[in-house]
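Working notes, beginning with the structure itself.
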Amino acid sequence: ASASKDTTVVIWDVTTRDVTRDGMGGVTSRDAPVVIHVLSGHLDAVSSVAWSQEDRWLLSCGNDRSIRLWDPKGGNLLQTFFQHTEPVTALAWLPGGTRFVSGGFDKRICTWSVLSPEPEAVLQGERITDLAVTADGSRMFTISPDKKITVFSMPCMEEVASVVESESMTSLCVSEDGRHILVCVSSEARPEVHLWDMDESLIVQRYRGHKSGRYVLRSAFGGAREAFVVCGSECSQVYLWHRESGALLARLAGHSATINCVSWNRADRASFASASDDNTIRIWRLPSPSAAGLAPVPYDV
């Protein structure tokens, strides 16, 4: 699923292809993923989407201060949640697939159940740029504009630790084991993606080479055993690093504007998507255990 400034959420099927053929059986248009649903309802830019476990539900949030729960199969709006008084910036599902957490610029973190339009709990604190919850639901990480990473014990939302970054952060991503997080550090002089060991409160690796200073960029773990780190860039290329060594493995050209978001396929560890200000999404595939030779699938969405 993709979210957009145009106020819509689009659900795609990337496993099938839409092919137009001529009368002789020849292909007259390039293959493309199929649009399953275009979800309308938000009144302003949509900032984030989140799939529940087993893809049963889809959440979206945005600048209209609302959170919306969708049935991805039927494309129907199931519930709208209102509590935030400023843009909602981040969403994360909790284990079990019926409860979730949201954060926004109004300095609120809310926990919700899909069964009620009212929040279960509201924590007042700092402006939230992004948040993530570990797979076992035991910890939540948040980042704020004051360069602070905060760790909460869940589900009680009790603050248990915090660390401070060197520069502003635009996003975070948590590893499958819940111990490590990636944060995108925005700096005109020295942009980096930092790998934090949150058990030790230490930066254990830095990934460099991309450009970041003006826009929100998102990074992700990926590949078998999360051996890679991938991130977009303001130079319109996707950057892929070896997670452990920090070595830059590939710069992937194809987009023509800033790449805001990358997301690794949970079902296919050899592929990921990148989304750009050029109004396209590109699908990339890792052709071998090595990152050498990474190439985009020959279609945009």
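Observations on the model:
- Residue within region 84-94 that is surrounded by fewer than 16 Cβ atoms within 10 Å (Cβ to Cβ), on the phi < 0 side of the Ramachandran plot and modelled with pLDDT of 95 or more present: yes
- Per-region count, region 6-51, residues assigned to a loop (DSSP other than H, G, I, E, B) and modelled with pLDDT of 95 or more: 9
- Number of residues in region 150-179 that are more than 24 Å from TRP112 (Cα to Cα) and open to solvent by less than 30 Å² (accessible area, probe 1.4 Å): the value is 4.
- Looking at ARG65, ARG99, just one residue is over 20 Å from ARG139 (Cβ atoms) and open to solvent by 30 Å² or more (accessible area, probe 1.4 Å), and that residue is ARG65.
- Filtered by the rule that a residue be within 16 Å of GLU165 (Cβ to Cβ), open to solvent by 50 Å² or more (accessible area, probe 1.4 Å) and in contact (Cβ under 8 Å) with a residue 24 or more places away in the chain, region 190-217 gives SER201, VAL204, ARG206, ARG208, VAL216.
- As for region 121-130, it holds no residue that is part of a strand (DSSP E or B), farther than 15 Å from SER102 by Cβ and either modelled with pLDDT of 95 or more or open to solvent by less than 40 Å² (accessible area, probe 1.4 Å) (or both).
- Within region 203-218, being more than 22 Å from LEU131 (Cβ to Cβ) and of a type in the set (Lys, Arg) holds for ARG206, ARG208, LYS211, ARG214.
- Only listed residue being open to solvent by 10 Å² or more (accessible area, probe 1.4 Å), at positive phi and modelled with pLDDT under 95, chosen from GLY223, GLY254: GLY254
- Qualifying residue in region 264-272 (condition: among the charged types (D, E, K, R) and at pLDDT 95 or above): no
- Leading residue by the ranking (nearest to CYS61 (Cα to Cα)) among those in region 95-120 that are part of a strand (DSSP E or B) and of a type in the set (A, V, I, L, M): VAL101
The values are calculated or read from the model by the stated rules, or taken from the named source; none is laboratory data. Just so we're clear, the structure is a prediction, and the values are computed from it rather than from any experiment. Methodologically, a virtual Cβ is constructed for each residue, glycine included, from the backbone with ideal geometry; neighbour enumeration extends over all protein chains shown. Ligands, DNA and RNA are excluded from the accessible area calculation, which covers all protein heavy atoms including side chains. Shrake-Rupley method; radii C 1.70, N 1.55, O 1.52, S 1.80 Å.
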